[in-house]
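Below is one structure, written out as structure tokens; the observations come after it.
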Amino acid sequence: MSDNDRVPRPIPADLRPRLPSPLTEVDDARFARHGVRLLLKRDDLIHPDLIGNKWRKLAPNLEAAHGRALVTFGGAYSNHLRATAAAGRLLGVPTLGIVRGQELAERPLNASLARCTADGMRLHFVDRSTYRKKNDPEVLAALLDATGATDAYVVPEGGSNALAVRGCTDLGRELRGHAEVVALACGTGGTLAGLAAGLAPDQRALGVCVLKGGFLEADVRALQQAAFGGPRGTWQVNDRFHFGGYARVPAELASFADDFERRHGLPVEHLYVAKMLYALVVLTGEGAFPPGTTVAAVVTGAPFGDAQSSTSR
Ligand SMILES: *Cc1c(COP(=O)(O)O)cnc(C)c1O
């Protein structure tokens, strides 16, 4: 990392984060009986509106945008869309959200998209095939043209670009000396790519993929290449705990999350955090972590409204 990257960035008061995020130990027999300590890295407490990794990924992009309007992409329940809309409100800059699913335009907005518009975000709905091609320069140019956003700063889906990945290295640095294994849920893999780069050499990151597909490792490698010029840190991806795919929350997972909340008072977000915690319970039971291991679980987000109840889609 160059000295340039260490220059403190001015952050408007309303966007100021609580950093480092708290690290707390939980007492849970499912871990203790295997000699494993479980810590929760409470990134969900960084900021009330830009929650968890969304703050870490957006902050450097907001700086780079220099007050220009923001355009980004997401699905009907995207935490990233809500975070971007909130950032726009707090910074006083216009935001445009390009949303996957033309059919959503004809229905009442769900709570997540309604929050986006309440924060001033303009929504533009596109069909799934156009959405898939949004990174194609011609498709993107046409979308920006059609929405009058040609001068806007474009943040990719999920907020994961090189700046975002570098923004997540601080998450790893905050965890140095505290755990041998750091676990987190992965969507685009941007947070894992940055976190792994910030850890000490004797620590490793374990990414729990919430999507079905198995392409995440290549994505993380590409993100590290773009952010750092090559591979960084020790990390791996586990593909066993997607529960059928993105936003699939079978009853078994929902009750696991409710139970974890009852035991530990942690509001468990279902689409990502619940899958990661479930994975840790299963892996610990299988003996994946030797006795004496400390595992830090990153709480990357918090529950939001009806996004929790999307049982099967
Ligand atoms: C967006 C999100 C993730 C995934 O982060 P990536 O950097 O895209 O892998 C994980 N957890 C929560 C709660 C999120 O909102």
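Only the coordinates and a few stated rules stand behind these numbers; no lab work does. Owing to the predicted nature of the structure, the values given are computational and were not obtained by experimental measurement. Note that each Cβ is placed from the backbone with ideal geometry, even for glycine, and that neighbours are counted across all protein chains shown.
Report, ordered by chain and residue number, the aspartates and glutamates lying within cross-link reach of LYS275, taken as a straight Cα distance under 14 Å and ignoring same-chain residues fewer than 8 apart.
List returned: ASP239, GLU252, ASP258, ASP259, GLU261.
Enumerate the amide H contacts of THR95 below 5 Å, restricted to partners 5 or more residues apart or on another chain; note that Pro and chain-start residues carry no placed amide H.
Amide H neighbours of THR95: LEU70, ARG122.
Report the label-to-label distance for GLN225 and ALA146 in nanometres (one decimal), using points 7 Å from each Cα along the Cα→Cβ vector.
For the pair GLN225/ALA146, the computed spacing is 3.0 nm.
Stretched out fully, how many nm does the piece from ASN135 to PHE215 gain, at 0.36 nm a residue minus the Cα gap?
My answer for the length gained is 27.1 nm.
Just how far, in whole angstrom, is the stretch 189-214 from the stretch 257-308 if you go by their alpha carbon centroids?
16
From the convex hull of the Cα coordinates of the stretch 106-195, what is the mean projected area in square nanometres?
Hull-based average projected area comes out at 8.2 nm².
What residues qualify as long-range amide H neighbours of SER160, i.e. H under 5 Å apart, gap of 5 or more or another chain, H built at 1.01 Å from N?
Placed amide hydrogens put nothing under 5 Å from SER160.
Just for the chain, what percent of DSSP beta bridges are antiparallel, to the closest 5?
The antiparallel fraction comes to roughly 10 percent.
Connecting C-alpha atoms closer than 10 Å in a GNM of the chain, tell me which of LEU184, LEU171, LEU253 has the biggest fluctuation.
LEU253
Could you work out how far the C-alpha centroid of the stretch 66-101 sits from that of the stretch 8-64, in angstrom?
21
Starting from 0 in steps of 20 Å, tell me what percent of the Cα-Cα pairs of the chain lands in each bin.
33, 59, 7
Beyond 22 Å, what percent of the Cα pairs of the stretch 127-267 remain?
51
How long is the stretch 184-313 along each principal axis, judged by its Cα atoms, biggest number first, in Å?
Rounded to whole Å, the extents work out to 41, 36, 23 Å.
Using only the Cα atoms, work out Rg/Rh for the stretch 123-173, with Rh taken as the Kirkwood radius, to two decimals.
1.09
Which of rounded, prolate, oblate describes the stretch 58-149, given a ≥ b ≥ c as roots of the alpha-carbon gyration tensor eigenvalues and a/c under 1.5 marking rounded, otherwise prolate only if a/b is larger than b/c?
Oblate, because a/c is 1.5 or more while a/b does not exceed b/c.
If the cut-off is 18 Å between C-alpha atoms, which aspartates and glutamates fall inside it for LYS57, apart from same-chain ones fewer than 8 positions away?
The reachable aspartates and glutamates, counting only those whose Cα sits under 18 Å from LYS57, are ASP5, ASP14, ASP43, ASP44, ASP49, GLU157, ASP170, GLU174, ASP219.
Of the candidates GLU25, GLU103, GLU174, which one comes out as most mobile in a Gaussian network treatment of the chain with C-alpha springs shorter than 10 Å?
Comparing GLU25, GLU103, GLU174 in a Gaussian network model of the chain, the most mobile one is GLU103.
Let me know the shape class of the stretch 32-101, please: from the alpha-carbon gyration tensor, a ≥ b ≥ c as square roots of the eigenvalues, rounded when a/c is under 1.5, otherwise prolate if a/b is greater than b/c, or oblate.
Judged from the Cα gyration tensor, the stretch 32-101 comes out prolate (a/c at least 1.5, a/b above b/c).
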